[in-house]
Amino acid sequence: MKPSTNKQEEKNISDKILTQYCTYEDYLDEQVTEKDLYYLQVGFVVKLVELGYRGNGDTLSRKEFEKKKRELAEQSKPIFQIQKLLSSAGQDLTNNIFLQELAKREEAVRSGKLTTIIFLRCFNKKSQEISGYIDYGHRLQMEDFVPYFERKKKLRPKPSDLSYYNWETQVVNSNDSLNFQVISDFTSFTNVDKITTESCGIEPTESENKKASKFSVVNNCTIGLQFKNKTDRKTINVDPSCKSVGDNSFRYQIESTDYLQIVIFDHSTRRMT
């Protein structure tokens with residue numbers, strides 16, 4: 001009977017931590033007895049309780065209290081609240097491997113457990129060929145992705161993404177995002193687009209080769225386009241000529257009739273706990 005009593009006491013304390021104690025100070029005040037107040041000043045008694053010399057039973061430290069409160073709050077979240085945040089929830093993604101892959105990653109990317117870069121090569125609304133690298137997490141925060149998962153909109157690179165290149169107009173842009181810092185110059189990420197295409201068996205057009213020849217192209221993985229993760233400072237090398245993408249990073253080629261090319265780069269972030 002004693003173990004069950006202890007479990008019940010622990011549950012009661014946990015419930016109080018979640019519902020009654022808004023702050024650690026409120027929790028300490030609860031541990032002070034009337035006898036303590038009779039002999040000692042309130043502030044001094046609270047300090048003794050925090051140090052574990054007074055109070056009812058074992059007293060949690062501030063760090064333990066805050067950790068417990070976070071854990072209980074997380075456990076108490078209804079599953080439907082998490083699902084409601086997912087743009088892909090309840091969507092019919094049949095016969096669309098790309099959207100299925102985005103849906104599989106959405107929750108992990110939103111929670112910060114995973115960062116994902118999407119390389120897309122396709123045509124814009126003017127039938128101009130464009131390519132670019134997209135920070136999936138950044139876009140999820142800045143855009144409503146429901147229309148994409150509903151197939152009402154097509155995901156395309158934008159000039160505001162990590163990198164963007166218009167093969168017709170030669171407009172080029174690069175930008176840091178919420179999760180990544182761009183490490184490149186104009187020639188490096190133009191070259192990466194070219195060699196990424198070649199490595200996947202897609203023959204560059206004559207006009208593309210002419211455009212690429214205007215730049216000093218060096219097929220060296222130390223020079224190619226890279227993205228530095230802002231959480232763990234690890235670098236993702238998107239140059240396919242390199243054997244390694246980087247620590248905790250993986251590269252996936254996705255086949256789709258809707259795009260000329262799709263490559264997904266996943267990076268598992270190591271968060272400090």
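The values are calculated or read from the model by the stated rules, or taken from the named source; none is laboratory data. Nothing here was measured: the structure is a model prediction, and the numbers come from that model. Positions of Cβ are backbone-derived with ideal geometry, glycine not excepted, and every protein chain shown enters the neighbour counts. Quick note on the areas: whole protein, heavy atoms, side chains included, nothing else; ligands and nucleic acids left out. Shrake-Rupley method; radii C 1.70, N 1.55, O 1.52, S 1.80 Å.
If I go through region 225-273 residue by residue, how many of them are among the β-branched types (V, I, T), in contact (Cβ under 8 Å) with a residue 60 or more places away in the chain, out of contact with any Asp or Glu (no Cβ under 8 Å at 6 or more places or on another chain) and surrounded by 18 or more Cβ atoms within 10 Å (Cβ to Cβ)? Steps first, please.
Residues of region 225-273 among the β-branched types (V, I, T): 231, 235-236, 238, 245, 254, 257, 262-264, 269, 273.
Now narrow it down to the ones that are in contact (Cβ under 8 Å) with a residue 60 or more places away in the chain: 231, 236, 238, 254, 262-264, 269.
Remaining after also requiring out of contact with any Asp or Glu (no Cβ under 8 Å at 6 or more places or on another chain): 231, 236, 238, 263.
Next, from what is left, pick out any that are surrounded by 18 or more Cβ atoms within 10 Å (Cβ to Cβ): 236, 238, 263.
Of the residues in region 225-273, 3 are among the β-branched types (V, I, T), in contact (Cβ under 8 Å) with a residue 60 or more places away in the chain, out of contact with any Asp or Glu (no Cβ under 8 Å at 6 or more places or on another chain) and surrounded by 18 or more Cβ atoms within 10 Å (Cβ to Cβ).
Among the candidates F227, F250, the residue that is within 22 Å of C122 (Cα to Cα), modelled with pLDDT of 60 or more and in a strand (DSSP E or B) is uniquely F227. In region 169-200, what residues are more than 14 Å from Q226 (Cα to Cα) and either at pLDDT 95 or above or open to solvent by less than 10 Å² (accessible area, probe 1.4 Å) (or both)? Passing the criteria: only T197. The helices (runs of 4 or more DSSP H) located wholly in region 82-154 that include 1 or more residues which are among the charged types (D, E, K, R) and surrounded by fewer than 16 Cβ atoms within 10 Å (Cβ to Cβ) occupy 97-111.
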